[in-house]
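Input: a single structure, listed below in structure tokens.
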Amino acid sequence: MFSNLQRAALAALLPAALFTAAHAQTIIEDGHIDLVPGYDAASGTWSFTSEYSGGSQTPGGGYLHHNVADVIYFVSDNSESTQGGGKITSPGGFLGTQAGDPLWIIPQVQDFGVPWLGTGGYDASGFDFTINFVDFRGPEDGMLALWTTGSFGAPTWLVSSDTGIQPAPNSLTVATTTHTHYNWGFTRPGLYEVDVTLSALIGGVQQTSEVFTLKLAISERPAVVPEPATVATLVGGVSLLLAFSTRRRFRHGA
């Protein structure tokens, strides 16, 4: 039986599940991806676009563009490492992990077979944007962080789901014409749904967008709900989500 809190959570999640089922999801598991914030001053609308190239979905070259709502980034076990060892070494004490603990890392430098996820300031508006990390839903005890690695290996923490361990501003700056890649680290397999907002100085006023959601499936290939999906199937899926997924907020001002 669900508690009142769980029933409320189910009611809140069901519309999102229905929306997901009604929109085909593109699974991206390799290639070069830039997340591009945008704003159309004429219509007053925001956009957050996934620009894809150089992977298995573009064998002839060129680019594919998707709304981030329509994409799941699949990070396979090609990215798996361990704290203090393995193919890629993460910063010591990453989010409280101990030596030998498993980690999944999208590296700052491209590793073929893993989606190389960064940001690009390519929007025609010419605005400088900030991507603000708001909260995320993910596997129980799962944590995530973004950081860059300097010339001497020292990490600069940008996003951390536990700022008590790794202080971070929990935002990314995307200046016009810039192109940046980061290390993305995850401590548990499963689906991470990361809510972000975009902000920019527009007409001399700081403005903020609606919420956009990035979806990253770690180790476990996502199952896309076939269309049309039944409400019964969706309710069952959301019930599982309540059992295995927890929601956490990013703290700002660290």
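Listed here are the residues, each with its yes/no results for (1) at pLDDT 80 or above; (2) assigned to a loop (DSSP other than H, G, I, E, B); (3) under 30 Å from Ser81 (Cα atoms).
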position	(1), (2), (3)
Gly185	yes, no, yes
Gln207	yes, no, no
Glu227	no, yes, no
Val238	no, no, no
Thr246	no, no, yes
Residue match in the stretch 79-87 (condition: closer than 20 Å to Ile218 by Cα, modelled with pLDDT under 95 and in contact with a helix residue (DSSP H, G or I) (Cβ under 9 Å, 6 or more places away or on another chain)): yes
Subset of the stretch 124-143 [part of a strand (DSSP E or B), over 13 Å from the mean Cα position of the chain (by Cα) and either among the hydrophobic types (A, V, I, L, M, F, W, C) or within 13 Å of Thr49 (Cα to Cα) (or both)]: Phe129
Residue check for Phe94: closer than 19 Å to Leu144 by Cβ, surrounded by 14 or more Cβ atoms within 10 Å (Cβ to Cβ) and at pLDDT below 95: yes
Options Thr149, Thr119, Thr130: the member that is farther than 27 Å from Thr45 by Cα and either modelled with pLDDT of 95 or more or in contact with a strand residue (DSSP E or B) (Cβ under 9 Å, 6 or more places away or on another chain) (or both): Thr149
Any hit, the stretch 66-77, residues being of a type in the set (Val, Ile, Thr), in a helix (DSSP H, G or I) and modelled with pLDDT of 65 or more: yes
Leading residue by the ranking (farthest from the chain's Cα centre (by Cα)) among those in the stretch 28-65 that are of a type in the set (Asp, Glu) and assigned to a loop (DSSP other than H, G, I, E, B): Asp30
Test: Leu172 is closer than 26 Å to Gly31 by Cα, touching a strand residue (DSSP E or B) at 6+ places or on another chain (Cβ under 6 Å) and touching a residue at least 60 places away in the same chain (Cβ under 8 Å): no
Any hit, the stretch 157-170, residues being farther than 18 Å from Leu35 by Cα and outside any loop (DSSP other than H, G, I, E, B): yes
Tally, over the stretch 121-176, of residues that are within 13 Å of Ser199 (Cα to Cα) and aromatic (Phe, Trp, Tyr): 3
Phe136 being under 21 Å from Gln207 (Cα atoms) and either surrounded by 15 or more Cβ atoms within 10 Å (Cβ to Cβ) or in contact with a Phe, Trp or Tyr (Cβ under 7 Å, 6 or more places away or on another chain) (or both): no
Inter-residue pairs, beta-carbon under 6 Å, first without any contact (Cβ under 8 Å) to a residue 60 or more places away in the chain and in a strand (DSSP E or B) and in the stretch 101-123, second buried (at least 19 other Cβ atoms within 10 Å of the Cβ) and β-branched (Val, Ile, Thr), 6+ apart: none
Residue among Thr149, Thr178, Thr197 that alone is surrounded by fewer than 19 Cβ atoms within 10 Å (Cβ to Cβ) and under 13 Å from the mean Cα position of the chain (by Cα): Thr197
Some residue of the stretch 19-42 being modelled with pLDDT of 65 or more and farther than 24 Å from Ile131 by Cα: yes
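The values are calculated or read from the model by the stated rules, or taken from the named source; none is laboratory data. No experiment lies behind these values; they were computed from the predicted model shown. Counting neighbours? That spans all protein chains shown, and the Cβs are built from the backbone with ideal geometry, glycine included.
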